[in-house]
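Accompanying notes for the structure given below.
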Amino acid sequence: MPRRNLIKRNWKRQRRSRAAGPSYLSNVRLSAVSAYIEAVRELACELLDLMAEGLRIPDRSVFSRLIRDGDSDSLVRLNHYPPMPLLCKDKDSSTCNQNKVGFGEHSDPQILTILRSNDVGGLQISLHDGAWVPVTPDPATFCVNVGDLLQVMTNGRFVSVRHKALTNSYKSRMSMAYFAGPPLNARIAVPPEMITPTKPALYKPFTWAEFKKAAFALRLGDRRLGLFRMEGDEQVA
Ligand SMILES: O=C(O)CCC(=O)C(=O)O
Ligand SMILES: [Fe+2]
């Protein structure tokens, strides 16, 4: 479109929004948020279908069905981490020059998280040996976290990732997370195809409401899955 027409069109749009007042603008913002949520939900469902296929589960929508359900308990969280300067009174202190924790160590309790951030780093994930690895920030990329429920439903084949977010000493960090969750009354259990004599079910079935209640009674960093391990299975998560 020629630049002149584009300017005219934008000017017309601005004039219309001014005339329509703040409710026009808030409706535009609201529909942008709804469109974003719909898009990331679709992405989460596609990823879950591919995971089910990769695990050779005949019903490939076994996981995504829980998110497509009209009663799905999914949510979006916006995080803002204001800059936190590195204040160092004692230059020899071991905590000197360390970025402050903005969001403490935890795993996401739902099925899958679709996370994005601005171009300021801070997200770190924990490897099996406990080492923390920074995730390179890229506003054009999604970071996908396996949640606790997916660990249960894949009988431990996919492991919910422990992560935390550090603040930056001079830049503001923003992140936006879509947590794909099932309906509150959904029964969370491993599909029968994934249970074999050598790999029996690791977790007792439970509802998402029961899991949420248990999670809220614990602290952010506590490992909640240990509460649902099969009897006699002494491992913590
Ligand atoms: O800000 C981030 O990158 C992580 C946020 C997060 O882990 C969460 O909201 O659960
Ligand atoms: Fe998280």
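The values are calculated or read from the model by the stated rules, or taken from the named source; none is laboratory data. Remember, it's a predicted structure, so these values are computed and weren't measured experimentally. So basically every Cβ, Gly included, is an ideal-geometry build from the backbone, and we count neighbours across all protein chains shown.
If I filter region 96-111 down to residues being hydrophobic (A, V, I, L, M, F, W, C), more than 10 Å from ligand 2 (Cβ to nearest atom) and surrounded by 15 or more Cβ atoms within 10 Å (Cβ to Cβ), which single residue comes out as nearest to A52 (Cα to Cα)?
Looking at the filtered set, the residue picked out is I111.
As an exercise: evaluate D119 against (1) under 21 Å from L220 (Cα atoms); (2) in a loop (DSSP other than H, G, I, E, B) and give the number of the one condition it does not meet.
Here D119 clears every test but (1).
Which residues, counting only those in region 207-235, are touching a helix residue (DSSP H, G or I) at 6+ places or on another chain (Cβ under 6 Å) and touching a residue at least 24 places away in the same chain (Cβ under 8 Å)?
Within region 207-235, R224, L225 meet the criteria.
Give the residue, chosen from G232, G226, that is assigned to a loop (DSSP other than H, G, I, E, B), surrounded by fewer than 16 Cβ atoms within 10 Å (Cβ to Cβ) and at pLDDT below 95.
Criteria check complete, one pass: G232.
When you scan region 48-57, do you find a residue that is within 16 Å of ligand 1 (Cβ to nearest atom), over 24 Å from E210 (Cα atoms) and assigned to a helix (DSSP H, G or I), even just one?
Among the residues of region 48-57, not one is within 16 Å of ligand 1 (Cβ to nearest atom), over 24 Å from E210 (Cα atoms) and assigned to a helix (DSSP H, G or I), which makes the answer no.
Evaluate the following for T154: is it touching a residue at least 40 places away in the same chain (Cβ under 8 Å), within 16 Å of ligand 2 (Cβ to nearest atom) and of a type in the set (V, I, T)?
So T154 does not fit the description; no.
Looking at I125, is it touching a helix residue (DSSP H, G or I) at 6+ places or on another chain (Cβ under 6 Å), surrounded by 12 or more Cβ atoms within 10 Å (Cβ to Cβ) and not in a loop (DSSP other than H, G, I, E, B)?
Spelling it out, it is not the case that I125 is touching a helix residue (DSSP H, G or I) at 6+ places or on another chain (Cβ under 6 Å), surrounded by 12 or more Cβ atoms within 10 Å (Cβ to Cβ) and not in a loop (DSSP other than H, G, I, E, B).
How many residues does region 190-221 hold that are assigned to a loop (DSSP other than H, G, I, E, B) and surrounded by 16 or more Cβ atoms within 10 Å (Cβ to Cβ)?
4
Please find, within region 51-75, the residue that is farthest from F179 (Cα to Cα) out of those that are exposed (fewer than 12 other Cβ atoms within 10 Å of the Cβ) and in contact with a Pro (Cβ under 8 Å, 6 or more places away or on another chain).
By that ranking, first place goes to D59.
Which members of region 172-190 meet the condition of being away from ligand 2 (no atom under 16 Å from the Cβ), over 16 Å from F103 (Cα atoms) and touching a Pro at 6+ places or on another chain (Cβ under 9 Å)?
Result: R187, I188, A189, V190.
Kindly establish whether T154 is of a type in the set (S, T, N, Q), modelled with pLDDT of 95 or more and out of contact with any Phe, Trp or Tyr (no Cβ under 9 Å at 6 or more places or on another chain).
So T154 does not fit the description; no.
So, of the residues in region 155-185 that are buried (at least 21 other Cβ atoms within 10 Å of the Cβ), part of a loop (DSSP other than H, G, I, E, B) and away from ligand 1 (no atom under 12 Å from the Cβ), which turns out to be nearest to the chain's Cα centre (by Cα)?
Step by step, filter region 155-185, then rank; the result is G181.
Just to check your reading of the model, which residue among D138, D108 is within 27 Å of P83 (Cα to Cα) and more than 9 Å from ligand 1 (Cβ to nearest atom)?
Step by step, each of D138, D108 is checked, and only D138 is within 27 Å of P83 (Cα to Cα) and more than 9 Å from ligand 1 (Cβ to nearest atom).
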